[in-house]
Every structure is written in C-alpha cells, then in structure tokens.
1. Could you work out, residue by residue across B:17-23, how many beta carbons of other chains sit within 10 Å of that residue's beta carbon, and then give the average as an integer?
2. Can you pull out the trypsin sites (Lys or Arg not before Pro) in segment A:275-377 that DSSP calls coil and that have at most 13 other Cβ atoms within 10 Å?
3. Tell me what chain A gives for mean residue ellipticity at 222 nm when only DSSP H runs of n ≥ 4 count, each as -39,500 (n - 2.57), the sum divided by the residue total, rounded to 500 deg cm²/dmol.
4. Quote to one decimal, in nm, the extra length available between A:Leu633 and A:Asn375 on full extension: 0.36 nm per residue of separation minus the C-alpha distance between them.
5. Using a 1.4 Å probe on protein heavy atoms only, how many Å² of accessible area do A and B hide from each other, summed over both chains and rounded to 100?
6. Loop only by DSSP, 16 or fewer other Cβ within 10 Å of the Cβ. Give me the trypsin sites (Lys or Arg not before Pro) in segment A:542-616 that pass, ordered by residue number.
7. Under a cut-off of 18 Å between alpha-carbon atoms, report the lysines in cross-link reach of A:Lys486, not counting same-chain residues fewer than 8 places apart.
8. Students sometimes get this wrong: rank B:Leu95, B:Leu8 by accessible area, probe 1.4 Å, all chains present, largest first.
Amino acid sequence: MSVYEPEALIAKDIDAYLDQHQHKSLLRFITCGSVDDGKSTLIGRLLYDSKMIFEDQLAALEADSKRVGTQGQNIDFALLVDGLAAEREQGITIDVAYRFFTTEKRKFIVADTPGHEQYTRNMVTGASTADLAVILVDARKGVLTQTRRHSYLAHLLGIRHLVLAVNKMDLVGYSQSTYDKIVADYAAFAASIGIAGFTPMPISGYQGDNVTTRSAHTPWYQGPTLIGHLESVELDVAADQAKPFRLPVQWVNRPNQDFRGFAGMIAGGTVRPGDKVRILPSGHTSTVSRIVTFDGDLDAAVAGQSVTLTLADEVDCSRGDVIAAASDPCQVADQFEATIVWMAAEPMLPGRPYWLKLGTQLVTANVQAPKYQVNVNTMEHLAAKTLELNAIGVANLSTDRPISFEPYSASRDLGGFILIDKLTNATVAAGLLHFSLRRSQNVHWQALDVSREAHARLKNQSPAVLWFTGLSGAGKSTIANRVEKKLLRMNRHTFLLDGDNVRHGLNKDLGFTDADRVENIRRVGEVAKLMTDAGLVVLTAFISPFRAEREMVRQMMAPGEFFEIFIDTPLADAEQRDVKGLYKKARSGTLKNFTGIDSPYEPPENPDLRIDTTKVTPDEAAEMVIKLLFGEL
Amino acid sequence: MSIELTHLRRLEAESIQIFREVVAETENPVMLYSVGKDSAVMMHLARKAFFPAMPPFPLLHVDTTWKFRAMYELRDRMAKESGMQLLVHQNPDALARGINPFDHGGLHTDLWKTEGLKQALDKYGFDAAFGGARRDEEKSRAKERIFSFRSANHRWDPKNQRPELWRLYNTKKAKGESIRVFPISNWTELDIWQYIHLENIPIVPLYFAAERPTVERDGLILMVDDDRFRLKPGEKPVMRSIRFRTLGCYPLTGAVESHAATLPEVIQEMLLTTTSERQGRAIDHDQAASMEKKKQEGYF
C-alpha cells in the first residue's frame with residue numbers, strides 16, 4: 001500500500017487525474033469511540049494524510065496545536081475536527097458531523113459522532129447511512145463496555161463491515177500479545193451478539209502506524225492498513241442489485257397528457273424495460289415501458305439510482321406506492337414488531353398516534369407498550385412501560401392503513417422508519433421493522449379453533465389444489481371435470497372452480513386487462529385456499545396466463561398442497577377446436593385482450609404435470625392427474 | 001453483472017432524491033439562485049430530477065445590484081435556457097437608501113442579502129427554499145442538517161434540529177415555518193468541479209483566468225467591473241490575469257492571480273492550491289462574525 005501522492009499526476013496530466021477520479025466509488029463510514037480513544041486524532045490524520053487540508057488551515061492548525069494542543073510541539077490532528085467545546089457553549093445540538101476525504105480509489109464520507117451523552121441517538125443517526133464502522137479501542141484499555149455498545153448499535157443498524165481498530169499501539173510498545181488478546185476478547189463478544197465477522201488492525205492515529213502506510217513497528221501484522229482496507233473493502237453493490245426490484249414512488253411526473261412517469265430512488269434490485277411489475281399495496285400489475293432520465297432512456301437501472309419509470313398500462317400509482325418485481329413483491333401489512341430507538345426528551349406514549357414515515361409512505365401509527373427494553377451496555381432485556389430518550393426497545397405497532405415494507409434486515413429503505421410527533425413535528429424515534437404480525441396471529445387463532453387438520457380428518461383426506469392452466473380451449477375444463485368425477489367415485493370431497501362460472505358471480509366486475517386477470521387469479525387463489533382450509537380437494541380451471549400469479553397462489557397454499565397442471569395444447573389446435581367461437585371473434589378484432597392472440601400466455605417452466613393433449617385422450621389425462629394427486633406418478 | 005455507480009452518480013442520485021422529496025411534501029418551494037458554480041450544479045440537478053417536466057418551482061435571485069456583470073448575463077441566459085421562471089428581488093429599502101459595499105460595510109450584506117431574502121420569502125410565501133451550501137465549506141457546516149427549519153420570523157433554532165436518518169426527511173412544519181434545504185450538502189468543492197466538467201455545465205466565465213482590470217486593497221485583488229467602483233486617490237486599475245474561486249458582490253470578492261483558462265486547468269490549480277475556498281470572501285473575515293451567528297440571524 002503506497003502513500004497517496006496525487007500531486008505528481010495532477011501537475012503532470014490533469015486530464016488523466018480527472019478521468020481516474022471520475023470513476024471512484026463512494027464509501028460512507030462511521031467512527032465509533034469516545035474522546036479518549038483518539039477518534040478525532042484518527043479522523044484528523046485521515047484528512048491530513050489524504051491531502052485534504054489547505055495551507056491556510058494547516059497554518060491555523062499548527063498555531064492552534066502550539067497554543068491549545070495536547071501534543072506539545074507536534075500537530076494535534078484532533079483540532080482539525082473538534083471545535084465541539086465552543087459549539088457546546090453556544091448550545092448548538094451536535095449529533096453528527098460529516099467529513100469528506102478522497103483517495104485515488106474512493107471518496108469517503110465519515111460520520112463523526114461526539115462520544116458523550118446522547119450517544120445512542122447520535123450514533124444511530126450516523127450509522128443509518130454507513131456501509132462500514134470503525135470501532136476504536138484503546139490498546140491500553142482493551143474491550144470496554146462502550147466498545148460493546150458501539151458494536152451492538154452498528155450491528156443493530158445493519159452495518160455489515162466492521163473494523164476493530166486497536167489504537168494507541170505506540171503506547172503499549174507495539175505489543176503483539178496485547179493486540180492478540182484484545183482481538184480474541186472482541187471475537188468472543190462479537191460472536192455472542194451475532195456479528196459474523198470483523199477486520200482487526202493495530203494502529204496509531206497519532207503516529208500514523210498502519211493508517212495510510214504500513215508500520216515498521218508491527219512486522220507481525222500482515223493485514224491491510226486502515227486506508228488500504230477502506231479503499232478495497234467490497235461494497236454490497238452486486239448483492240443489492242440482485243435483490244428483487246423495489247421503487248418507492250416519490251413523485252408522479254405529469255408534464256402533459258401524454259406522459260406519466262413514476263419518479264423515485266431504487267431501493268433494491270435492478271429494473272429493465274419489459275419487466276413485469278406490481279404496484280403495492282393495490283397489487284395491480286403492469287410492465288415497465290421506459291426508464292427515463294435527463295441523459296436519455298436507460299437499458300437498466302439499479303439500486304441507488306434516482307430514475308423515472310413509465311408503465312405500459314394506465315394503472316393507479318401515486319406517491320407512497322411501491323413498484324416491485326411482479327414475481328417477488330414486498331409484503332403489505334398494518335401490524336408489526338419493531339425495534340424502536342427513542343430520540344426525544346419526551347418519553348414514548350404507548351397508544352398515542354404518531355406519524356410514521358417509511359420510504360415515501362406517511363401513515364398514522366400506534367406503538368404498544370414495549371415488550372422489553374435493551375440495556376445497550378450489557379444487551380440484557382429489561383422490563384419497560386415506556387421508552388425514554390436514548391432507550392432502545394422492542395414493541396408492536398399498528399398503522400391506520402397497510403404499508404408496503406420489508407424487514408430491516410433485508411432493506412434499510414423499506415424497513416427503517418421514523419416516528420414524528422403530531423403536535424411538535426419533532427422526529428421522536430427511529431424504528432427497524434422485524435416482521436408483520438398477521439401470519440403469526442392467524443396460526444395462533446386457527447390453532448384454537450376447529451383446525452384445518454380437523455376438517456381434513458373428518459373427510460378422511462388431504463386437502464389439495466389441482467391448478468389447471470393453459471390456453472382458452474386447451475381442454476382444462478374437460479379434463480378437470482373428468483378428474484372430479486373420478487374423485488367423487490373414490491369418495492373424495494371436491495370442488496371445481498371454473499373460470500367461466502366464477503366470472504358470472506364472484507368476479508363479474510373484472511374484465512380481461514392484465515390487472516384484472518391478476519385480480520381474478522388472486523381471488524380464485526384466496527377462495528381455493530379457504531376451501532383447502534375446509535379440507536376439500538379443489539380443482540381450478542383458469543387460463544391463469546402469468547407465471548407470477550400462479551407462483552403467488554402456490555405461495556398462499558400450505559407446502560405440498562398445490563399442483564400446477566399445464567394443459568399443453570398448441571395455439572393452432574386450440575384455435576381449430578374453438579369450442580366457444582372465441583378465437584374467431586378475437587381474430588376478427590371484436591374480442592380484445594384474448595390470451596394467445598393479443599394478450600400473452602406464459603407457459604409454466606416447471607409444472608408438476610404437463611399434459612400434451614395432442615398425444616393423450618381426456619380420460620388418460622384425468623388418470624395422470626389422479627396419479628399425481630396420490631403420489632403415484 | 002452489476003452496474004458500478006461512481007461517487008458522482010451516487011451524489012447526484014442523493015441530490016435528486018432530496019429535490020423530489022421537497023416538491024412532493026411542501027406547498028410552495030423555490031430555488032435560491034446565486035449564479036455561482038454551486039447554483040449552476042444545483043440547477044442542473046433540479047432539471048434532472050424533474051425531467052421531462054420542468055422543475056416545478058421558480059428561481060429566486062436575491063440581488064444586491066452589485067454582482068459582476070457576467071453573473072447577470074449568465075443568470076438571464078440560464079433562466080431562458082431552462083425555461084424556469086426567474087424572480088429577482090432587490091430590497092427596496094436598501095435601494096432607496098443607496099446601500100453599497102463602499103460606504104456601508106456589514107450593513108450592505110445584512111440589508112441586501114439577509115433582509116432581502118426574508119422579504120422575498122415572505123412576499124411570495126415560499127415554505128421551502130433550496131440553497132447551495134456544502135458541508136465541506138468550513139468546520140461549522142460539517143454538522144449542518146440537509147433540512148434546516150426556520151421559525152415564522154426566519155430564526156434558526158440550533159437547539160431544535162431534527163435527526164436525519166437513512167434517506168428519511170421529516171418535512172412536517174407548523175404554519176408560518178419554512179425549511180431551508182441543501183441538496184448538495186455532501187458534495188465537496190472537487191466534486192462540484194468534476195461534475196461541471198463531466199456534465200458540461202455552463203458557469204460564469206469569471207471562474208476562468210483572463211486579463212481583467214484590477215486594484216489591490218487590504219490584501220485582496222478586486223476587479224473593477226464597472227464605473228461605480230470608487231478608486232482611491234492615486235489608485236489606477238491594473239490589468240492582471242485573474243480568476244475567481246467564489247463569486248459575490250464584485251467590490252467584496254477577491255480574485256486570485258492565475259492563468260488557468262480551461263476547466264481542467266482550474267481544477268488542477270484548485271487541487272494544487274494552498275488556500276481554502278472561502279478566503280476570497282470578505283464577509284468571513286469580519287472580526288468574530290461566525291457563520292453560526294449569521295445563520296441564527298437568517299443568513300443563508
């Protein structure tokens with residue numbers, strides 16, 4: 001690792017320098033430690049070593065060092081960033097100060113939090129945007145209560161990269177055994193709170209050992225320097241872009257009647273024109289038409305980019321909605337368990353309505369009394385009736401309408417929220433969603449009542465859904481009818497949900513647009529699910545053209561109870577049969593949105609059973625389905 | 001295959017997110033447009049944020065009548081080019097009293113800028129104003145929030161600032177309160193220059209070195225931009241190759257001697273230079289007039 005010496009390149013070839021610096025990445029990190037750990041000295045050193053200090057500042061620094069510094073005639077780097085005493089006198093709230101420096105590989109934003117009272121609130125704020133945390137430990141003191149507290153908070157806020165900087169190594173004679181013991185102590189603690197890994201290093205912020213340059217005093221240390229590590233640590237870019245797509249809609253862009261764009265910053269995943277998306281919480285689906293930017297349309301956009309999407313359909317979508325991957329949407333719920341960090345002098349009032357802001361959604365929320373409070377020094381759970389300033393607790397909360405969310409562990413943007421006092425408008429708390437309560441409540445509720453197992457036992461059968469999918473006229477209803485008759489003869493309790501019949505009643509309000517087709521399948525899925533709860537073997541005969549909805553229905557059912565049966569009839573054959581005369585109408589244009597003609601059909605990729613109707617008779621097909629149901633295939 | 005976002009793209013995305021959040025959650029926003037390089041970047045980002053629509057807010061120039069002529073030219077050109085509405089406010093009181101930087105010292109800034117800004121915000125009823133301040137400009141700004149709240153009489157209450165977590169901004173405010181929003185808080189001077197270079201953003205030519213008529217006073221090189229400049233007895237304008245690192249009222253803004261006539265040369269000089277940006281502004285040298293105090297009084 002070499003010292004960063006940009007001057008030569010700047011002076012020699014500014015264009016090459018600019019080119020190099022336009023391709024840097026950005027790393028945001030937080031430094032954790034109290035005054036005595038040498039945090040300010042370390043940050044000052046980083047700024048100094050990366051040549052981010054101008055001569056006039058340096059002159060002032062040298063003068064101040066001699067006047068008020070704590071390092072004798074040497075430069076007191078802490079003075080570069082401190083100046084906090086004066087601010088305290090002026091009564092200015094100090095929570096987080098942001099410092100900036102750059103090397104040839106990365107730009108860094110350092111969140112610096114003063115390490116005294118208010119520490120929890122400040123550190124949580126700084127950690128909320130950090131990719132990495134530098135935990136400073138004084139080599140003379142080892143792992144202290146505050147080290148554990150800092151680590152717990154960093155871990156709580158989802159920081160995946162931790163650096164254990166054992167500082168002031170110069171004051172312990174660069175002793176390897178001292179260092180090894182601290183690292184071992186810390187490793188034991190880290191494992192106990194679920195920290196998967198960390199990068200330890202012996203440094204001296206004051207002397208500069210292993211900060212920018214490898215130290216001659218620690219030949220036993222083979223790892224990277226602090227800057228070397230900060231420059232090279234792998235960010236979670238690829239993982240974030242591989243997540244399912246999420247765009248919280250910030251603003252609807254409507255410059256004229258012909259353009260309607262949905263603007264926001266992508267919270268996760270990747271999006272491309274042609275991608276199927278679902279609008280949450282409504283559940284309507286559409287397709288991405290364009291990714292519009294000032295610099296031209298994009299072929300793809302990824303997490304962290306601010307974009308504007310247009311959709312193929314005129315679907316309802318406004319601020320607060322989330323546009324998500326249709327095949328893997330996020331959850332929608334109105335009751336949650338969450339960790340809450342209280343940040344206001346006024347304690348939390350369980351039951352009082354607060355504004356809750358999550359992503360671009362603003363709702364009213366009620367927080368229940370905490371289940372427990374966490375002692376941030378010992379990680380013990382304490383009983384608590386409320387939460388005071390800087391307290392962290394776990395509580396249930398409910399919102400006045402459903403919100404789209406993800407657990408905080410999966411997404412900071414869709415799992416982190418703030419609470420706002422409705423009277424003072426102050427931000428009073430930060431929260432991290434764990435999970436929605438609905439599912440766990442249902443299981444509990446059913447267990448007390450006549451259970452689905454009881455229903456099934458009474459009928460002496462296992463409930464199941466036989467889901468027939470295929471083009472119109474493929475033979476779904478014909479085969480399903482034969483299967484049901486056979487099952488009846490076997491004393492099975494069944495029910496056949498047929499597409500046409502359902503559209504005469506339950507779904508008579510739905511048409512054949514993509515959105516309506518999705519809703520059609522969703523409702524049928526819910527009905528089929530209720531019927532399996534009642535112990536029935538359900539047969540459904542619906543075109544169900546989209547993979548995403550068939551997958552959605554599969555997810556609704558108990559494991560092993562859903563069978564996707566693909567009635568595979570080539571379009572030409574189905575059209576030739578045209579039992580209901582619909583293909584003729586579709587071809588003549590009098591029938592719109594007809595699957596296979598002007599509306600797509602997405603064949604199953606891995607159906608539980610595929611029936612090629614050009615090769616088997618309806619009766620043979622029915623036999624195959626029976627075998628599938630009884631596990632004889 | 002993942003797409004690597006550079007630091008400039010991430011800063012850009014963050015700024016755009018802030019612009020959109022303000023437009024979505026406030027009633028009557030405005031952008032303070034001072035015609036400097038930070039304003040130029042801010043305006044460019046605003047145009048990106050709302051494309052293909054125009055930014056749904058006007059530009060407000062709180063004018064002192066003492067800006068460089070080249071600034072007025074670029075201001076009018078950019079307003080025209082962007083199609084955005086340009087509001088120019090000159091404090092009528094300062095105008096009537098003939099307040100100028102030669103006779104009135106600190107009062108000049110106070111009346112034209114601080115009071116002028118308050119007047120304009122009140123006159124149009126703006127409840128949110130975008131400003132181009134950056135956290136790297138000086139130590140006291142490092143802890144500034146991106147959203148800064150002002151009381152109905154424009155006072156800043158430093159004891160009551162809201163924590164800013166994740167990308168969540170609490171924009172709730174009482175009637176009469178307003179917000180100053182700084183979308184380029186996390187940009188450094190180098191980022192600004194690189195972005196101007198990368199995106200080809202028009203800036204005032206005064207940032208580039210050229211032969212200009214100057215006088216030297218109190219260690220500052222001042223440009224004689226028009227015949228209102230009062231020459232002291234015996235003082236004669238001298239042609240020097242100069243440029244400006246920061247732009248304000250021309251009689252108060254110090255130039256640096258330079259031959260950097262292109263953007264890369266300017267950046268090169270900036271990187272190799274040894275004095276920090278705000279040194280060129282007379283305002284910061286005012287005895288103990290800390291930024292903090294000015295902010296509490298309503299200075300942007």
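1. Working: counts 8, 2, 4, 11, 6, 1, 3.
What the average comes to for B:17-23 is 5.
2. Of the trypsin sites (Lys or Arg not before Pro), the ones in loops of segment A:275-377 whose Cβ has at most 13 other Cβ atoms within 10 Å are A:Lys371.
3. Numbers: 21 runs with 196 residues, N = 633.
Calculated mean residue ellipticity at 222 nm is -9000 deg cm²/dmol.
4. Details: separation 258, 0.36 × 258 = 92.88 nm, distance 5.71 nm.
Between A:Leu633 and A:Asn375, full extension yields an extra 87.2 nm.
5. Numbers: alone 29990 and 14820 Å², together 38050 Å².
Using a 1.4 Å probe, the pair buries roughly 6800 Å².
6. On the way: sites: A:Arg547, A:Arg550, A:Arg554, A:Arg577, A:Lys580, A:Lys584, A:Lys585, A:Arg587, A:Lys592, A:Arg610, A:Lys615; in loops: A:Lys580, A:Lys592, A:Lys615.
Answer in residue order: A:Lys580, A:Lys592, A:Lys615.
7. Those lysines meeting the cut-off are A:Lys459, A:Lys476, A:Lys627.
8. B:Leu95, B:Leu8
The values are calculated or read from the model by the stated rules, or taken from the named source; none is laboratory data. Please read these numbers as outputs of a predicted model, since none were measured by experiment. A quick note on method: Cβ atoms are made from the backbone with ideal geometry, for glycine too, and the neighbour counts reach across all protein chains shown. When the accessible area is computed, the model is the full protein with side chains, heavy atoms only, and any ligands, DNA or RNA have been set aside. Shrake-Rupley method; radii C 1.70, N 1.55, O 1.52, S 1.80 Å.
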